[in-house]
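Laboratory data are not the source of any read-out in this text; all were calculated from the coordinates shown. It should be emphasised that the depicted structure is a prediction, and the values quoted were computed from it without experimental measurement. Every residue, glycine as well, gets a Cβ built from its backbone with ideal geometry; the counts of neighbours run over all protein chains shown.
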Amino acid sequence: MSQSHNLPRGARLYKFMEARTRFTIALVSAFALVCSHAVAQNVNANGNDNRNDEVSVIQISDTHLGDKHAPHAADSLRQAVRMINDLHPDAVILSGDIGGNPQAWEEAKSILKKLKSSLYYVPGNHDVHSQDVERYRQAFGKDYYEFQVKFVNFVVIDSQLLGNYDTYEAKSPVPLPAQTEDESERMLSWLNGLQEGQRASKKVVIGVQHIPVFPDGRFPDPKPYWVISEPYRSQEMKVLRKLGIKHMLVGHWHNGRVFEREGITWHVAPATSWLPWGGELGFAVHAISSNGSVQTEFVALPGALP
Ligand SMILES: [Zn+2]
């Protein structure tokens, strides 16, 4: 079977269209989403919900509040929040790199308080470094956990417990300090323990983490900074397969794209903050069907400055 048959519609859009065209189409689709929600709301008023066969999740990523690379990060995030509120998703996920320090986190939280949908935080490598996961936990609660939206179980993974991402320029993977290695083992045994419950529930299971496990071909570049390296890569892939995960929502690359690797479709959300690899600032809209398929479209932030 050709690989492209396994790809969601959003992936084909990405593969065959220029970024600008794709984003325009995403905007049209986003408008369609708003309209279909308006219809659903009317139906809800009559006591029926015909949207139970689909979950709509919006993924924001790499908001980087307080980062010198992104002087307009707060304005762009405010813009994203306004746009997302008009789309009425079932849930919003922020897939990491919220801000570089607790003060930036507070600013992000105060902007994100305006979201009308439930928001789920995921830590990135600018939030959790190799030795400071406790600081994140004090501000946000758990760095790895499960949550449910209708028929979908989301499994949030702390990718910073699966490698040391403190050194951007490192040419080979840097080991984790011993205490974080213990944290890593605890998270992996928690993940392995989820198996039975997930299989029995017959729900759709989607994984979320900041750092993608694999590169997309040669993108971004060969630095270990961009992906999960061994031995964690194999350990994670084994448990993702056991959990029946076919779709992973990730960030970290600041470049919206969808690709398939080793039986999993990787949905990389664009950043709202800055563009080291070109492309456009924006967020991802995921439509998840009860059969487990995920369609991803990217929505640009019109006029937003990196
Ligand atoms: Zn990152």
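Summary table
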{"quantity": "Inter-probe distance in nm under a simple model that places probes 7 Å from Cα toward Cβ, at residue 148 and residue 53", "calculated": "2.2 nm"}
{"quantity": "Debye intensity ratio in log₁₀ form over the Cα atoms of the stretch 91-216, taken at each q of 0.14, 0.15, 0.19 Å⁻¹", "calculated": "-0.67, -0.76, -1.15"}
{"quantity": "Cα centroid separation - the stretch 99-121 against the stretch 265-306, whole Å", "calculated": "19 Å"}
{"quantity": "Karplus-derived 3J(HN,Hα), 6.51/-1.76/1.60, for each residue of the stretch 97-105, Hz, glycine and proline x", "calculated": "6, 5, x, x, 7, x, 5, 5, 4"}
{"quantity": "Sorted by Cβ neighbour density within 10 Å, fewest at the top, the residues 172, 61, 293, 234", "calculated": "172, 234, 293, 61"}
{"quantity": "When the convex hull of its Cα atoms is projected in every direction, mean area for the stretch 195-270 (nm²)", "calculated": "5.0 nm²"}
{"quantity": "log₁₀ of I(q)/I(0) at q = 0.13, 0.14, 0.16 Å⁻¹ - the stretch 125-279, Debye sum with one point per alpha carbon", "calculated": "-0.60, -0.70, -0.93"}
{"quantity": "Spin-label model distance (nm) - residue 275 vs residue 132, 7 Å beyond Cα toward Cβ", "calculated": "3.0 nm"}
{"quantity": "Residue-span extension gain [residue 139 to residue 241] - 0.36 nm each, minus C-alpha spacing", "calculated": "33.6 nm"}
{"quantity": "DSSP-assigned coil residues among chymotrypsin sites (Phe, Trp or Tyr not before Pro) in the stretch 124-188, each with at most 14 further Cβ atoms within 10 Å", "calculated": "168"}
{"quantity": "Residue pairs, from the table 203/246; 68/116; 109/142; 142/238, whose Cα atoms sit over 21 Å apart", "calculated": "68/116; 142/238"}
{"quantity": "Charge tally in the Cβ shell below 11 Å around residue 272, where Lys, Arg are +1 and Asp, Glu are -1, residue 272 excluded", "calculated": "-3"}
